[in-house]
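Taking it in order: structure first as structure tokens, then the write-up.
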Amino acid sequence: MPGRKTTLIILAAFLLTLPFLSSLLNLYIDWQFFAETGYTGVLTTSLLAKIGCGLFFGVILLAFLLINLIPALRSKFPRPAITIMEGTLYQLKTDEAERLLKPIALIAAFVLALFAGNWGALQWEKLLLYMNMLPVGTTDPILGKDIGFYLFSLPFLEILAAFSRVTTLFSILLVSAVYFVNGGIALTPSGAHVAPKIRKHLALLAGFFLLTVSAGFYLDCFKLLFSETGAVYGAGYADVTARLLVYRILAVITPLAAVIVAAGVWKARWRQALLAPVILIAIYGIGIKVYPGLLQKFKVAPNELALEMPYIEHGIKFTRLGYDLDKIETIPFDVDNKLNASDIAKNDLTIKNIRLWDHAPLLRTYSQLQQIRTYYKFHDVDNDRYLVNDQYTQVMLSPRELSYGDLPSRNWINERLIFTHGNGLTFGPVSRISKEGLPEFFIKDIPAVSLADITVSKPEIYYGELSNDYVIVKTRVPEFSYPTATGNINTTYNGKGGVPLDSMVKRALFAAYFRTEKIILSSDISNKSRILFYRNIVERVKTVAPFLLLDSDPYMVITKDGRLVWMIDAYTFSNNLPYSKPVSNGVNYMRNSVKIVVDAYDGTLDYYISDPKDPLVKVYARIFPKLFKPMEAMPDDLRSHVRYPHEFLRIQAAMFAAYHMTDPKVFYNKENLWEIPSLGENPMEPYYTIMKLPGEKKEEYILLLPFTPAKRDNLAAWLTARCDDPNYGKLLAYTFPRDRLIYGPKQIDARINQDSSISQQLTLWGQRGSEVIRGSMLVIPIEKSLLYVQPLYLAATDKIGLPELQRVIVAYRDEVVMENTLELALQKLFGGTRAATETTGETGPASTTSQHGLAAEAMKVYEKAVELQRQGNWAGYGDELRKLKQILQQLAQKQ
């Protein structure tokens, strides 16, 4: 029996220490990760904050409980046994109570303290924001507090107030239970009997509890500025004139009530003790619920505009502040509809960069043409701009990542040692199509073949959107690189990413963390091997900076030296800006303050501050001084690919649709309310394009989204975000005249449906068993006119149908045309001729003008390409193929 008891004790001790050991293991792995990325200071700061915050709340709760429990446990009351209820079937004897009461009470106190510590550790971010707060320089219009108080202090103060109430309540419950078991509180037929000593103790606790309630009433004054009962979000007339006054009264009289309650319990004057809380509840019910409701119904509602006018002004001002709408410059856009062939020619770069490939059809096409093997996958298609052969070009690109779920043979060696990375990307212009209706490419295939002056030198993607949790590289097993017709090409990782597995202890710890013994037992792992983990780029970024909200659309960039890196937009956010209307997740303050760069090969992380005026990012930079870098430190080749995030513009546009009205009377009457147009069930998404803005001399990369009047289909305005330096981040709203009809996307769509020739062709395609896919409707401002462009794709109705771009619909004024290409459609609309110039814009060997000379030159280039292929110089091979293509085009023109 003693041996069995010892075994049980050891087992219990092990089970109790298991969570602690697991936490230590997680901490060790995190330390290795932060050491790898160079951000150990971030881990240290957050870890100390978690420990400090957890200890603060846990120790405070434990100390408060013990201060109250110890006197209660030491109290002795002359009673041989405690009857739980009259006529009960069970009684607890005095000796049993003395033996069990103390350990149970102390265990309960320590368990509650443990929970409080764990909960407190989760509040580390609020603590750091509170300790590092900065004034914003703008005060709220009701209470005169700096906005920094709401962003940084109020959340932590609310936590303290709630914690104080809960701590006091737990103390009252535990102490009452102890006194009850000790016999100090007894239930008799005549009622409850409470010993004088206990009354005094409970009197102090009851008084203290009401003091914590008073603190809550004081903070409720500030929370009124987030009310949803008025004409706009934030405190309205009834809140300010009624509820605010009552909360202030309650904050003042509740401490007095605390004294009255404490005195009443102390002296056993129960009516006095109950009267004060009843009065408080009555004041709260009447003053916070009943009276403001009556005031709203009988005074505010009949005179809402007059009474709510100042509060509507506050709502407009602070919502515009919350979403950075004040920086939007409104410019009239007077449409003259005088576009001609000369204007089209002058805006040739805009025309050549009209996006004809939608993301969804192009993703399907890329998957069919460029996936190469089933275990590769294109997760998403991204939009960017590059200088391609000295021509500013909008492109679509998609990384070719490894899909572990599609490996032909799934086992630990394949998933962790051999198939470790994706390979390269597909990269092409947004508007170029082949004769078959398929996209053209600047970069394609494995290994990457470049048909432009952009090359990829490091095509391996070890860190991406589809990456699994870990792989081990530099092992005795060759890594798979890419397949060829004659066999597979292998590679060995030579980057600085990952953690070296240079000791058996490390291998054992990582094996325990990833719950696999294979890391220890595998003979393929050597001391030079490295384990790469946190390979999903979103998880990787969030592990270092969990306080940032990440954009859902990371995009890949090719650097000037041919490396692949990911760029991710990140947002600082808060739900504590007074009077600012929140979006669906409760956020009512948002800034795109951080741009994050992740190297796809070695996982290097860099965080750049893109909005140094944002108070939240200023405070985070104070908390983590070595985490962020200024935007000026970003390399120029990356900075030229920074773009305004379309998710942020979509949120800003949704708010600007109403909050462009700054006159409170106009806002209240919704006289000029806008909405984002819809085609089908979903509203239009912002889209990137290259165009020349009105009044500008040069084309630039922008993000654009049109507006229509509420419940109308004509256009009201278009909002654009500029993406190129030095104008990055500037927002412009071009408003159309309200006295003229400017066709909106839905009206153009209706005109397309009503066109007999177009509808006949669509019907004919559908009868032949093809799926007709109508692409996005793009509104393209050119000079002082608008073009509407919509591509049409055809695909087989089966699951592997390959979408082909078959027609382009272009509308201008009352005319709608559908042609094989955009150039032909524009010719039909405006007359003249447009040469189908190459997007690459690069000419071939100009010295060779005759057909014979061109043929000879083509042969030389071909032979050189074959030789470079044999040498394995794939970048040179791609360059020669590009030259050969240009020579052949010149030959074709001479036929």
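The values are calculated or read from the model by the stated rules, or taken from the named source; none is laboratory data. On a predicted model such as this, the values are computed, not experimentally measured, just so you know. Cβ placement follows ideal geometry from the backbone for every residue including glycine, while neighbour counts extend to all protein chains displayed. Heads up: the accessible areas ignore ligands, DNA and RNA and are worked out on the full protein's heavy atoms, side chains in. Shrake-Rupley method; radii C 1.70, N 1.55, O 1.52, S 1.80 Å.
State in Å² the accessible area per residue of segment 452-528; use a 1.4 Å probe, count heavy atoms of protein chains only, and round to the nearest integer. The partial results should precede the final answer.
Values: 3680 Å² over 77 residues.
So segment 452-528 comes to 48 Å² accessible per residue, rounded to a whole number.
Distance check, please: which entries in K618/K697; K377/K435; K581/K697 exceed 29 angstrom between their Cα atoms?
Pairs exceeding 29 Å: K618/K697; K581/K697.
Between segment 342-406 and segment 180-250, how many Å separate their Cα centres?
Cα centroid to Cα centroid, the span is 61 Å.
Using a probe of 1.4 angstrom, how much of the accessible area of segment 312-417 is carbon and sulfur, in percent?
48
Enter the accessible area per residue of segment 350-409 (Å², integer; probe 1.4 Å; all protein chains in place).
I get 30 Å² per residue for this part.
Expected output is a single nm value to one decimal: the length gained when fully extending between S526 and K435, i.e. 0.36 nm times separation in residues minus the C-alpha distance. What is it?
Working: separation 91, 0.36 × 91 = 32.76 nm, distance 5.29 nm.
My answer for the length gained is 27.5 nm.
Assigning unit charges at the beta carbon (Lys, Arg +1; Asp, Glu -1) and nothing else, what dipole magnitude in debye, to the nearest 20, does the chain show about its Cα centre?
Around 3520 debye, computed over the chain.
Roll a 1.4 angstrom probe over the protein heavy atoms and tell me the percent of accessible area of segment 723-813 that is carbon or sulfur.
Heavy-atom surface of segment 723-813 belonging to carbon and sulfur, 1.4 Å probe: 46 percent.
Put +1 on the Cβ of each Lys and Arg and -1 on the Cβ of each Asp and Glu in the chain; which of L225, A865, N68 then has its Cα farthest toward the positive end of the dipole?
About the Cα centre, the residue reaching furthest to the positive side is N68.
Helix 504-514 sits at what angle to the longest principal axis of the chain, using alpha carbons and giving 0 to 90 degrees rounded to 10?
Its long axis makes an angle of about 90 degrees.
Label the chain by shape, choosing from rounded, prolate and oblate, from the square roots a ≥ b ≥ c of the eigenvalues of the Cα gyration tensor; if a/c is under 1.5 it is rounded, and otherwise prolate applies when a/b is larger than b/c, oblate when it is not.
oblate
Taking only protein heavy atoms into account and a 1.4 Å probe, give the accessible area per residue of segment 714-766 in Å².
Spelled out: the 1.4 Å probe surface of segment 714-766, per residue, equals 44 Å².
Which of A657, L638, I676 sits closest to the plus end of the dipole of segment 636-693, meaning its Cα is farthest towards the positive end, when Lys and Arg get +1 and Asp and Glu get -1 on the C-beta?
Farthest towards the positive pole: A657.
If you count only protein heavy atoms and use a 1.4 Å probe, how large is the accessible surface of W119, to the nearest 10 Å²?
100
May I ask you to evaluate 6.51 cos²θ - 1.76 cosθ + 1.60, the Karplus curve with θ = phi - 60°, for each residue of segment 320-334 and list the ³J(HN,Hα) values in order in whole Hz, giving x for glycine and proline?
5, 5, x, 10, 6, 7, 5, 7, 6, 9, 8, 10, x, 10, 8
Could you tell me which residue out of L210, L173, P737 lies farthest along the dipole of the chain toward its positive end? Charges go on the beta carbon: Lys and Arg +1, Asp and Glu -1, centred on the Cα centre.
L173
Going by average Cβ neighbours within 10 Å, how do the peptides 786-797, 33-44 rank, with the highest at the top?
Working: 786-797: 20.8, 33-44: 17.2.
Per-residue Cβ counts within 10 Å, averaged per peptide and sorted highest first, yield 786-797, 33-44.
Averaging sequence separations of C-alpha pairs under 8 Å and six or more residues apart, then dividing by the length of the chain, give the relative contact order as a whole percent.
On the way: 1530 pairs, mean separation 98.1, N = 895.
Dividing the mean separation by the residue count of the chain yields 11 percent.
For segment 661-724 and segment 742-756, write down the distance between their C-alpha centroids in whole Å.
So the two Cα centres are separated by 19 Å.
How much of the accessible area of segment 115-231, probe 1.4 Å, is carbon plus sulfur, in whole percent?
67
Enumerate lysine pairs in segment 213-333 that are 8 or more residues apart or on different chains, then count those whose Cα atoms are under 30 Å apart.
11
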